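Since the structure comes first, as structure tokens, the remarks are kept for the end.
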Amino acid sequence: MSELQDVGNHCIDCGCDTSFGSGNFVNRIPADDGEKEGYLCAGCMGTECDRCDKTIAMDEDKTPYDVYGDNEPGLFSDGAYRVCDDCLTPAEIKIVRET
């Protein structure tokens with residue numbers, strides 16, 4: 001097994017600085033990709049929207065649980081699971097606002 005390259009306080013994906021004072025320190029997480037060892041910044045931890053494929057920032061996605069709470073159906077009616085705010089349907093937005 002080969003040794004991992006230590007990239008220090010840099011993001012192993014985009015290479016940005018995640019050290020204290022960089023603006024990327026708070027939400028970084030330790031990570032390795034099998035070749036490099038360092039951190040992942042919040043921007044690189046985003047997920048894709050299942051409806052529009054736009055990258056959703058960390059902790060800003062909406063799931064059926066966020067919309068329907070304890071009555072969540074598992075998936076949205078179109079089969080999506082993680083969506084961005086822009087892709088919520090008018091009916092889903094209405095439910096969110098009522099709760």
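Before moving on, here are some points about what is shown:
- Residues that are exposed (fewer than 13 other Cβ atoms within 10 Å of the Cβ) and outside any loop (DSSP other than H, G, I, E, B), drawn from segment 86-99: 86, 90, 91, 94, 97, 98
- Selection of segment 56-84 for residues being loosely packed, with under 13 Cβ neighbours inside 10 Å and under 23 Å from residue 27 (Cα atoms) yields 59, 60.
- Among (1) farther than 30 Å from residue 6 by Cα; (2) out of contact with any Asp or Glu (no Cβ under 7 Å at 6 or more places or on another chain) - the single one residue 48 does not satisfy: (1)
- Selection count, segment 12-37, where residues are touching an Asp or Glu at 6+ places or on another chain (Cβ under 8 Å) and among the acidic types (Asp, Glu): 3
- Taking segment 33-62 as the range and being over 12 Å from the mean Cα position of the chain (by Cα), of a type outside the set (D, E, K, R) and part of a loop (DSSP other than H, G, I, E, B) as the test, the residues that pass are 34, 52.
None of the figures in this text is laboratory data; all of them are computed from the coordinates on show. Note that the structure is predicted; figures quoted are calculated from it, not measured. Because the Cβ atoms are built from the backbone with ideal geometry, glycine has one as well, and the counts that use them run over all protein chains shown.
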